[in-house]
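Read-outs: derived from the displayed coordinates by stated rules, not from any lab. None of the values given here were measured: they were computed from a predicted structure. Heads up, the Cβs are rebuilt from the backbone with ideal geometry, glycines too, and the neighbour counts pull from every protein chain shown.
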Amino acid sequence: MSFFAPVDVTSRKICDMSRYFFFGILALVLLWACSPVRETVKTSAVLTHDSLDSTEYDVVVIDPAFDQWYILNYSLALDHSNEYYRNQNIIAAGNWNEYYRMGRYPGIIACFLDYQPGIEYGIEVNRTLFWYFKYIKSQYGIRLY
């Protein structure tokens with residue numbers, strides 16, 4: 001009398017094949033899950049003003065990396081006058097708006113920038129906007145002035 005039951009060879013092969021199939025699918029899912037994700041980050045600057053006080057303006061930069069870049073790159077030794085920033089921003093904002101109208105760099109230049117030369121925005125706004133344009137050049141290689 002034998003204590004071993006007869007083994008069905010075909011059912012064993014099917015079981016082995018299904019195991020390989022399962023591990024193959026698992027490996028593909030893991031490769032897909034670990035692949036790098038490419039996200040396009042839209043970046044933009046928006047000039048806003050306080051409706052209660054018509055002389056106060058602000059720059060809202062919609063780019064999460066700008067603040068850190070600004071802290072690392074700006075220093076008082078590199079500071080300029082408000083007039084210098086204003087003149088540079090007039091040129092850069094004009095080029096920015098031209099790129100926007102032409103549809104160039106749609107993932108980076110995502111909106112029209114309403115920078116008007118006749119308005120005095122103040123040194124903080126002009127400085128921030130100037131450095132934002134430098135950031136665009138540094139990160140994306142787009143020369144605006």
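Excluding Y74 itself, calculate the net charge of residues whose Cβ lies under 13 Å from the Cβ of Y74, where each Lys or Arg counts +1 and each Asp or Glu counts -1. Could the numbers behind the result be given before it?
Details: positive: R127, K134; negative: D67, D79, E124.
Summing Lys and Arg as +1 and Asp and Glu as -1 gives -1.
When Lys and Arg each count +1 and Asp and Glu each count -1, what net charge do the other residues less than 12 Å away from I119, Cβ to Cβ, add up to?
Details: positive: R86; negative: E56, D114, E120.
Charge balance in the 12 Å sphere: -2.
Please state, as a whole number in µm²/s, the translational diffusion coefficient that the Stokes-Einstein equation yields for segment 45-140 at 4 °C and 1.567 mPa s, with Rh defined as the Kirkwood radius across alpha carbon pairs. Working shown, then result.
On the way: Rh = 14.0 Å.
This corresponds to a translational diffusion coefficient of 93 µm²/s.
By the scheme Lys and Arg +1, Asp and Glu -1, what is the net charge of all other residues having a beta-carbon under 11 Å from that of Q88?
On the way: positive: R86, R127, K134; negative: E83.
Combined, the nearby Lys, Arg, Asp and Glu give +2.
Only Cα pairs under 8 Å and at least 6 apart count here; give the relative contact order of segment 84-144 as a rounded whole percent. Mind showing how you got there, number by number?
Values: 38 pairs, mean separation 26.0, N = 61.
Result for segment 84-144 is 43 percent.
Compute the FRET efficiency between C111 and Y84 as 1/(1 + (r/R0)^6), taking r as their Cβ-Cβ distance and R0 = 25 Å, and round to the nearest 0.05. Can you show the working numbers first?
Details: r = 25 Å, r/R0 = 1.01.
FRET efficiency, C111 to Y84: 0.50.
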